Structure formats: structure tokens, C-alpha cells
Amino acid sequence: MKNHSFAADLPWKKSRPAMIAAAAGDRAFAAVVCCIATIGAVVFSFISPQIIRYTVDSVIGKAPLEAPAFVAALVEALGGVSFLRRNLWVCALFTLAAALVSGLFNVLRRYTSIEMGETVAWRLRNTLYGHIQNLPYLWHVRCHTGDIIQRCTSDVDTIRNFLQNHLSELLRIAGVFVIALVMMFSMDTFMSLMALVLIPPIFLFSLLYFKKVAQEFGRADAAEGDMQACAQENYTGVRVVRAFGRESYEMERFSARTKAQADIWTGIGKMLGLFWGAGDFMSGFQLAIIVAAGIHRSVQGELSPGTFLAFYTYCNWMIWPVRQLGRILSELSKTLVSAGRVREILAEEPETDPPGALRPPIRGELCFEQVSFGYQGTPVLRNLSFTLKPGSTLAILGATGSGKSTLVHLIARLYDLEEGCGRITIDGVDIRRIARGHLRRHIGLCLQEPFLFSKSIRENIAAGTGSLPLEEIHAAAAVAQVDGSIREFAESYETVIGERGVTLSGGQKQRVAIARMLAASPPVMIFDDSLSAVDTETDTRIRAALRGRVANAAVIIISHRISSLMQADRILVLKDGEMEELGSHQELLQRGGTYRRIFDLQAAGDEGKTGEGKKV
């Protein structure tokens, strides 16, 4: 049974143009329906005050019915004003009907805005996730994991919240303001001008507030990212924290970040309080002006009671959108900050293969030709050349910072060589011409600090292949000398290990990682100090078992232990990024160079430990 049916529908499985087109189509339809529903809700909400106006002035009062032609025709069809005067419930029924239709439009508006928000958020999360998977390794090195997670979750939620709750509200506010102005001017020009007295100051105040609060929301988002990065770093490094008794230091470090974020949000809260307080005062003052002017004009007979009621209702509706504008603008500023942070990720160029990238069969003949590489102008490798054939083993020895890990990263194209800095070939083909995914599937990499997923041991070993018969999993674990340890667990290979493998010892994690690489059987295998946490006896057994398992593979072993390197066909000694020595164990011993000196030091140390053991 194939399990690709769901995966095939995921956005990152589709081509980018198709994904964007699908997302745009979904959003466009929902946006159109949402706009229509919003306009409908606003229009029908304005009908109720007009019904009340005509009822007060022309049905209860004696004023002539000065209504649009279609309204007058409807009244005549019902039996005229006299009929309505005897049956006021009909006016109430029309008011209720208008409110009901407006409510139905509002339901549709909310439904479509929620659907639009969730659709955009779903696609945006998946687009971000898929994009991040294809970003260069250097980008991941530069960025904090906590900040990336915050952008993919909290910032996307901010965008979703605005689309769901505020975008249609912004359209509704604009519609209410415009229609209210039209209706008010159609009823009384002088009162309409009075209603607009404080609108410009309120609007200007809202714009100034928007500019200031946008900066503060940007600072708040950055502070939240720092806080999450600090927490994530602490949780993943909990062993080191406990081992060195750094709990108090980490608490102070985290507390400083939470205090910084709390101070920013306190400042934002004060700004919100000032805005809403000032807005309440100006809105109340505006309504007071309208009430005073309306009462005066009604007493003078210049304004009918029904018109005054309708006018007051529209004025109240017009002032409320202006007050709401500050809240909408504050949410908009948050959304723009979040959208900018998300856009920063999407603007990063992903790893891409050149047109016509090759996917040749790979046997594993590896060749470095005058390779030079550095980080930001600092040279790490200089004119490095060597050849490794399938079925042979190259051991690499060097001090910290000599370029061993960089060499490994270049083979897997985690970093690319610049033009004129040499070349690396596999089976005679420059690896820059080979598709990255194809190349990496044929290179097995086992690191000193292996990453294990929070899944069962069986799933971790099979992670490099997707699925694997249990017998092959057992065989790989046996070669890695971890089969016996796994079977001692209560659930054996189905034991679920903790996050990053924290429930396993360092040696067990390294051996499970070795089993994972062996299960994939790549033609090139790299052991980057991957036996550092294993005792010497187990190390010897693993190396003995590996000889038969990797007989046809090109193997690179990086280690500080001479005992782990001495059986290799050739040993490369690196110093400051340059090849200092290259040869077999016996050849390097005879030369009496750096390798011989390290060998003598380690041999003397082993003898000292043995002597101490005998004394005890």
C-alpha cells in the first residue's frame, strides 16, 4: 500500500507556480464573497434607522412621507400610511427583517473571512516549512532555531488573525463611514458638517499612533524571538546545564529576556490606554456637539424628531469606525511586522540545481583537486588534494580547527566551492554538476553529535531509507554493536527515545546513528569522530565488523584516536587546513612526523592507564 496520497496533496510537493495559483484562487473566491457579504451587511444595517425615521415622522407623526419612489410604492401597496398607523407592527416587522438580512450577511462575512484566514495560514505554514527545508546550510547556521519557530508559528498566527478578524472589519468600517456620510448629508448638511468637526483630529491622532506602535510591535516580536531562542537552547542543552550547575545562570539569562519583552509590552499597553482614553473623550465630545445642535434645531423646527434619531444613529456609527480605526491600525501594524519577518525567510534564496543537473550512478571514487575554502575571508582549507577509491578507507587526523569537518561539509555540498578554488569529483564528475539531493542520498554521514528523532529506535535506524525489513535493521544494529543494548530495553526496537535521543547514552546514540547509516548502504561513508563516546573495546569490535559491511564503499574516518585510524589504507594529517602528511600507518610512523609524535603520546598514555589499573 502506497502512502503518498496525502503527501502528494501537500503544498511543498507541488510546483511553486501551481501552489501559488491554487492559493490565489482559494483566497480570491473567499475574498470576493467576503466583500459582497460585508457590503450587504452594511447596506441593510442602514435601512433600519430610515424605517424608524419614517415611522416617527410620517406614521406616528403627521409629516408627509418623503421617501424614495420604491418605498412610497411599497407603502401604497400595503394600504398607505393610514394602514401603517393602525398596524405599527408592520414597521417593526420591516425593521426586524432588515436587521435579520444584515445579520445573515454578517454570518456569511465571518464564515468566509475565517475560511480565508485558515486557508492562507495553512498554505503559508507549509510554504515556509518547505522553503526552509531547501535553504542553504549556512542560513541554518546563522539563524536561531527559536526565532525561526516563532516566525513560522506566532507570526503566521498574527497574519491569520488579521485576515479572519480585521480585514473584513476594515472594509466594513470604510463602508459604514462612507454610507453614513452620504445618508447624513442627504438629511441635513449643517448637522453633517458639525459631525465632521473632530473627525480630522481623531484620524490624524490614529495615524501618528499607528506609526509609533508599529515600531514597538517590531521590537516586541524580536524580543519574543530572542526569548524563544534562549529557551530552545536551554532545553536542548539541558545535560550541559545540569552537568556544570548552570541552572542559576540560565534562569537569570532567561529572566532578562522575559523582562525585556515584558517592558516592551507594558509600554505598548500604556500607548493603547492613552489612545483609547483620548478616543473615548473625543468621541463623547463629538456626540455631545451633535446632541446639543440636534436638540436646538429640533426645538426651532428645523429638524424633525425622526430625522434627528436617524441622524444621531448614523453619527454614532460614523464615530465608532474612526475609534475602531486605531485598533485596526494597531493590528495592521502587528501584521505588517509579522509579514515582514515571514517575508525575510521567503526572500532567502533556496538551494537550486543548475539546469541539466546530473544524476549519475555513483560508485564512490572521490577526488580532491587543489581545493581551497574559507569562511568570510578566513581560509580553512588550502590546496588540498587526495584520491579515495571504492573499497578503500581514508583516515583524517588533525587538531581542532584544522578543517576536518569543513572537508566533510564540502563533500556533501553543504557548502559549495567558489570558482577557481579547485574542484571535488565523484567518479570523475564535478559534484557541482550533480543534483544535491541525488548526491546526498549516496553519501552517508555520521557525526560526533548525532541527531536522533523522538521516535522508536527502529524508525530512527530506518530513517535514511524510509522503510526497511526488520532483519536488515537488526543486521545494521549488530554491526554497530548496539543490537544487544537495544534488546535489553523493555520494548526492544520499538522503544521510543526522547527528544534528540536524550534517553540514550552518548555511546548508544552514536552507535544507533552508525546503524542508521549502514542500513542505507551508501557508496560513500563518512565517520566524523562518530566513535568518540564509545569505549576502546567496543570501538575495536565496531571497526572489525565494519570491514565486511563496507567492503565496497569509500570510507572516510575522522578521529583523534590513533587506534581508530591505524587500520585505514591511507591516513591524512591536516594542519591549519593543509596536508602535512599522507600515507599508511607504517609509512607515517617511519617518517617520524606529527603522526608519529601523536602515536607515541597516546601509546604512552595507554600504558600509564594500564599501569594504574594494575596497581589498583
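Quick note: the coordinates plus some simple rules give every number you see, no bench work behind them. No experiment lies behind these values; they were computed from the predicted model shown. Note: ideal-geometry Cβ built from the backbone for every residue, glycine included; neighbour counts use all protein chains shown.
Remarks
- For the chain, calculated [θ]222 nm from helices alone, where every DSSP H run of n ≥ 4 adds -39500 (n - 2.57): -21000 deg cm²/dmol
- Rounded to the nearest Hz, the phi-derived 3J(HN,Hα) couplings of segment 476-482 under the Karplus curve 6.51 cos²θ - 1.76 cosθ + 1.60 (θ = phi - 60°) are 5, 5, 5, 4, 6, 6, 10, where x marks glycine and proline.
- Nearest 10 degrees, 0 to 90: helix 506-520 Cα axis against the chain principal axis: 90
- Simple rule: put +1 on each Lys or Arg Cβ and -1 on each Asp or Glu Cβ in the chain, find the dipole, and look at CYS143, ILE411, GLN481; the Cα lying farthest toward the positive end is CYS143.
- Each of HIS474, HIS166 has some number of other Cβ atoms within 10 Å of its Cβ, and from fewest to most they run HIS474, HIS166.
- Here the dipole of the chain is about 520 debye; that uses its Cα centre as origin and unit charges on the Cβ of Lys and Arg (positive) and Asp and Glu (negative).
- When each of LYS212/LYS259; LYS259/LYS455; LYS259/LYS334 is checked by Cα-Cα distance, pairs over 25 Å: LYS259/LYS455
- As a proxy for reagent exposure, ARG142, ARG151 were ordered by neighbouring Cβ count within 10 angstrom, fewest first; the result is ARG142, ARG151.
- Relative contact order of the chain, pairs being alpha-carbon contacts under 8 Å that are 6 or more residues apart, as %: 13
- Over the Cα atoms of the chain, the radius of gyration divided by the Kirkwood radius equals 1.18; this is the Rg/Rh ratio.
- Per-residue HN-Hα couplings for segment 332-341 [Karplus 6.51, -1.76, 1.60; θ = phi - 60°; Hz; x = Gly/Pro]: 5, 5, 4, 5, 5, 5, 5, 4, x, 5
- Evaluated with a Cβ-only charge set (Lys, Arg +1; Asp, Glu -1), segment 451-512 carries a dipole of roughly 220 debye about its Cα centre, given to the nearest 20.
- Charge dipole magnitude, Cβ of K and R +1, D and E -1 - segment 112-204, Cα centre, debye nearest 20: 300
- Among ASN316, LEU65, LEU208 - extreme Cα towards positive end, dipole of the chain, charges at beta-carbon: LEU65
- SER559, SER564, SER298 arranged by Cβ crowding within 10 Å, fewest neighbours leading: SER298, SER559, SER564
- Positive-end residue of MET566, GLN228, ALA544, charge dipole of the chain with Cβ unit charges: GLN228
- A P(r) calculated from all alpha carbon pairs of segment 150-194, with 10 Å bins opening at zero, reads 25, 27, 20, 15, 10, 2 percent.
- Cα-based Kirkwood hydrodynamic radius, segment 428-529, one decimal, Å: 14.0
- Calculated from backbone phi, Karplus (6.51, -1.76, 1.60) coupling profile of segment 375-382 in Hz, x at Gly/Pro: 10, 6, x, 9, x, 10, 10, 9
- C-alpha long axis of helix 199-236 to longest principal axis of the chain, angle in °: 20
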